[in-house]
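The block underneath contains the structure these notes are about, expressed in structure tokens.
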Amino acid sequence: MTVSPFDPAQLHAFETALSERRRELNLESQRLADTFAGVQSSRSDGSADGAHDAEASSLRTEWSRMSGFQGEAVEELAAIDRALQRIVDGSYGLCVRGGERIPQGRLEIKPAADLCIMCAEKAAPRRR
């Protein structure tokens, strides 16, 4: 069985931070969904023909921007869920690739981190 390098109080603090970020992302995602609905309504209200409407370009740009934000939120929520699962299974704070301890400072900045610094640096070109 894998044992997290953190004591129960530290794990609770990380779990709280992860849960709070998850809540924030869910609220942000809901706001984006509401905005998506507004943009979609504007795109399909029949008043814009797309080819000649100056506002159509702005709507496409806004739609694209929001789609990007939504995709990033989905990825971050998945990373948070995986981190919360690692807390439950006792592997939180250990690199999922090499098994090395992830420094506490790294986790304080990025609580959903699943790679130690060395593995993250190796993976960086692929994650971009």
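The values are calculated or read from the model by the stated rules, or taken from the named source; none is laboratory data. Given the structure is predicted, the values throughout are model-derived calculations rather than measurements. No Cβ is skipped: glycine too gets one built from the backbone with ideal geometry, and neighbour counts run over all protein chains shown.
The residue pairs whose first member lies in segment 20-35 and is modelled with pLDDT of 90 or more, whose second member is part of a helix (DSSP H, G or I) and charged (D, E, K, R), and whose beta carbons are closer than 7 Å, counting only pairs six or more residues apart or on different chains, are Leu25/Glu76.
A Cβ distance below 7 Å, combined with a sequence gap of six or more or placement on separate chains, defines the contacts here; from segment 82-101, residues that are free of Cβ contacts under 8 Å to residues at least 60 places away in the same chain and more than 15 Å from Asp7 (Cβ to Cβ) reach residues that are part of a helix (DSSP H, G or I) and of a type outside the set (Phe, Trp, Tyr) in the pairs Cys95/Cys119; Arg97/Cys119; Gly98/Cys119.
Selection of segment 74-104 for residues being modelled with pLDDT of 95 or more and among the β-branched types (Val, Ile, Thr) yields Ile80, Ile87, Val88, Val96, Ile102. Could we say that Ile102 is among the β-branched types (Val, Ile, Thr), crowded, with 18+ Cβ neighbours inside 10 Å and touching a helix residue (DSSP H, G or I) at 6+ places or on another chain (Cβ under 7 Å) here? Spelling it out, it is not the case that Ile102 is among the β-branched types (Val, Ile, Thr), crowded, with 18+ Cβ neighbours inside 10 Å and touching a helix residue (DSSP H, G or I) at 6+ places or on another chain (Cβ under 7 Å).
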